[in-house]
Amino acid sequence: MENFGCAENSKKFSCKEKEAGNKTFDSVAEIAASRGFFWPTAEIYPDKLAGFFEYGPNGLALKNNILKIWREELIEKEDIIEIDGCQILPKSVFQASGHLKNFNDPLITCSKCGFKTRADKLIQESIGKEIPEKLSNEDYDELLKKNKIICPKCKSFFNKTERWNMMLKTGIGAESKEAYLRPETCQSIFVNFPRIYKTSRLKLPFGIAQTGKVFRNEIAPRQGLIREREFNQMEIEIFFNPEKEDEIKNFNEIEKEILPLYLKDKLQKVSSEEAVKKKVVKSKLVAYYLTILKQFYLKLGIPEDKMRFRYVPEEDRPFYSKETWDFEVQINTGWLELCACNHRSDYDLSGHQKVSKQSFEIVDESVGKKVLPNIFELSAGVDRTLYAILELTYKDEPKNDRTIFSFPEKLAPVQVAIFPLVNKERMPELAKKVYEMLKPQFKCFYDESGSIGRRYRRQDEIGTPLCLTIDGQTVKDDTVTIRERDSMKQTRVKIKDLVGELKK
Ligand code: ATP
């Protein structure tokens, strides 16, 4: 089978990760590919590129369902509007944002075989300890030397550490005008802020959200959907008056909710209210958005005991952030960041204001004063979220001779599968009728091929919560069997009561 997780040049680590457990990147990716969730782009060609993946029908359905829940839970319940900006943006945008200068990773190249990798990650993997992302090139050289780290391919020394800019450059039109593929969706939110503010008539604080593709020329993409070069983000940027960061109108609705905050190597489970009072988080605004983010991830089926917000110390924070909490989930190989929660202060708006020479200040009507809003963002990766859901809901049940994904109903690519027990005695006709009846309300799938046991297993494999079987008794009394995925329990229900029962 294809080695999905490994980059062109990083097989060793993905294979090491594979030994760490039976559900690691490669095995989940293999299962995902065999069930139509995702697979490597252009996999049939020898020049296929690492870090690019295609979603098949089940993966796309899962991805769309994640986005649907994101909209329901985070966008529609709040004062947040959504836009859809371009993926290619001119050079000025990234000059103003600082990405052309600062969006770098430390790159090392083997002096003999030319193998290239990230200095920080290789050191981390070799010494088994986190190291700060913002060290100088000299610091990385020193650590490589001190820990006697050599090329994992040919055992030679590395050349000196360089900086690798992750922006993907392109040339537009016949003149090949310099432009870049966006590395995060939010820059068009910032650039368009004055116009959106004018046309939306929203008052501070309010949010602007965007989902879509982003591109990063990662040095060593691997671990499947976890580190890609083209991936999807769902981002929310909250604009607020910095003087009113503690005036959040719905705070009392969530103040008793528990936040799992991880800082100084310790997990503290505190209410949002306490986190603000004890100044663990910067403000009510920060606590509020961390809480609703947690609620969103609970809806996606991530178990509460597998999630935390990790305080990111200054030396590891992105260049634009004043306070960062990474929302992380515990997967087989450790903690994985799914969403960066960054206090971007006025970094972005003042940058664009300076380069564009246009004012980004607005009047905060509640105080009758002009302000340059500050921004708090929830920057989540769609693909990493999807990967984490697959890994955390996957179950191997050898005693039942099956594997399942126990997705919450709202996430499942298929919600109800409908089968005639055998292809005779009016069963297929009746089953098709049931299928047509349920189709407008649920995501349904009709299947009449193979043994009934095999059909159940196929649906378990893609996480379908309910299967309906039309059998000999249906012909007599208009009842069908509902089989529940996780418990495999079967109950009989009248066809006329089906919609109500399924909704329950
Ligand atoms: P990392 O430290 O893992 O490289 P990051 O801090 O660079 O991630 P952000 O720039 O904060 O990531 O991006 C926000 C979110 O986008 C991340 O939390 C993650 O879910 C997702 N993301 C970032 N880089 C990648 C990638 N290369 N492939 C897939 N998802 C990614």
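The values are calculated or read from the model by the stated rules, or taken from the named source; none is laboratory data. Everything numeric here is computed off the predicted structure, so don't read it as measured data. Positions of Cβ are backbone-derived with ideal geometry, glycine not excepted, and every protein chain shown enters the neighbour counts. Heads up: the accessible areas ignore ligands, DNA and RNA and are worked out on the full protein's heavy atoms, side chains in. Shrake-Rupley method; radii C 1.70, N 1.55, O 1.52, S 1.80 Å.
Here are Phe407, Phe445: which of them is assigned to a loop (DSSP other than H, G, I, E, B) and either modelled with pLDDT of 90 or more or on the phi < 0 side of the Ramachandran plot (or both)?
On the way: Phe445 fails: assigned to a loop (DSSP other than H, G, I, E, B).
Result: Phe407 is the single residue among Phe407, Phe445 that is assigned to a loop (DSSP other than H, G, I, E, B) and either modelled with pLDDT of 90 or more or on the phi < 0 side of the Ramachandran plot (or both).
Take Ser126 and decide whether it is over 30 Å from Tyr288 (Cβ atoms), assigned to a loop (DSSP other than H, G, I, E, B) and either small (Gly, Ala, Ser) or more than 23 Å from the chain's Cα centre (by Cα) (or both). Please lay out each step first, then the result.
Numbers: over 30 Å from Tyr288 (Cβ atoms): yes; assigned to a loop (DSSP other than H, G, I, E, B): no; either small (Gly, Ala, Ser) or more than 23 Å from the chain's Cα centre (by Cα) (or both): yes.
When the stated conditions are applied, Ser126 does not pass them.
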TODO: Quick one: count up the residues across the range 282-300 that are at pLDDT 95 or above and not in a helix (DSSP H, G or I).
DONE: 2
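Specify which of the listed residues (Thr403, Thr385) is within 15 Å of the ligand (Cβ to nearest atom), of a type in the set (Val, Ile, Thr) and either in contact with a strand residue (DSSP E or B) (Cβ under 7 Å, 6 or more places away or on another chain) or over 30 Å from Gly224 (Cβ atoms) (or both). Step through it out loud before you land on a result.
Details: Thr403 fails: within 15 Å of the ligand (Cβ to nearest atom).
Testing whether each residue is within 15 Å of the ligand (Cβ to nearest atom), of a type in the set (Val, Ile, Thr) and either in contact with a strand residue (DSSP E or B) (Cβ under 7 Å, 6 or more places away or on another chain) or over 30 Å from Gly224 (Cβ atoms) (or both) leaves just Thr385.
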Task: Cβ-Cβ under 7 Å pairs, at least 6 apart or on other chains, the range 459-476 side closer than 14 Å to Phe37 by Cα, far side open to solvent by less than 10 Å² (accessible area, probe 1.4 Å) and small (Gly, Ala, Ser) - done: Gln459/Ala417; Gly463/Ala412; Thr464/Ala412; Thr464/Ala417
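Return the residue satisfying two criteria in turn: it lies in the range 229-261 and is within 16 Å of the ligand (Cβ to nearest atom) and of a type in the set (S, T, N, Q), and of such residues it is nearest to Gly368 (Cα to Cα). So that I can check it myself, show each step before the final result.
Residues of the range 229-261 within 16 Å of the ligand (Cβ to nearest atom): 229-238.
So of that shortlist, the ones also of a type in the set (S, T, N, Q) come out as 232-233.
Details: Asn232: 39, Gln233: 35 Å.
Here the answer is Gln233.
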- [ ] Quick one: in the range 301-318, of everything that is within 30 Å of Asp139 (Cβ to Cβ) and in a loop (DSSP other than H, G, I, E, B), which residue is modelled with the lowest pLDDT?
- [x] Pro318
Task: Restricting the range 319-352 to residues that are crowded, with 17+ Cβ neighbours inside 10 Å and aromatic (Phe, Trp, Tyr), the residue that is modelled with the lowest pLDDT - done: Tyr320
Open item on the list: Return the residues of the range 91-113 that are more than 30 Å from Cys151 (Cα to Cα) and either open to solvent by 70 Å² or more (accessible area, probe 1.4 Å) or small (Gly, Ala, Ser) (or both); say none if nothing qualifies.
Closed with: Lys91, Ser92, Gln95, Ala96, Ser97, Gly98
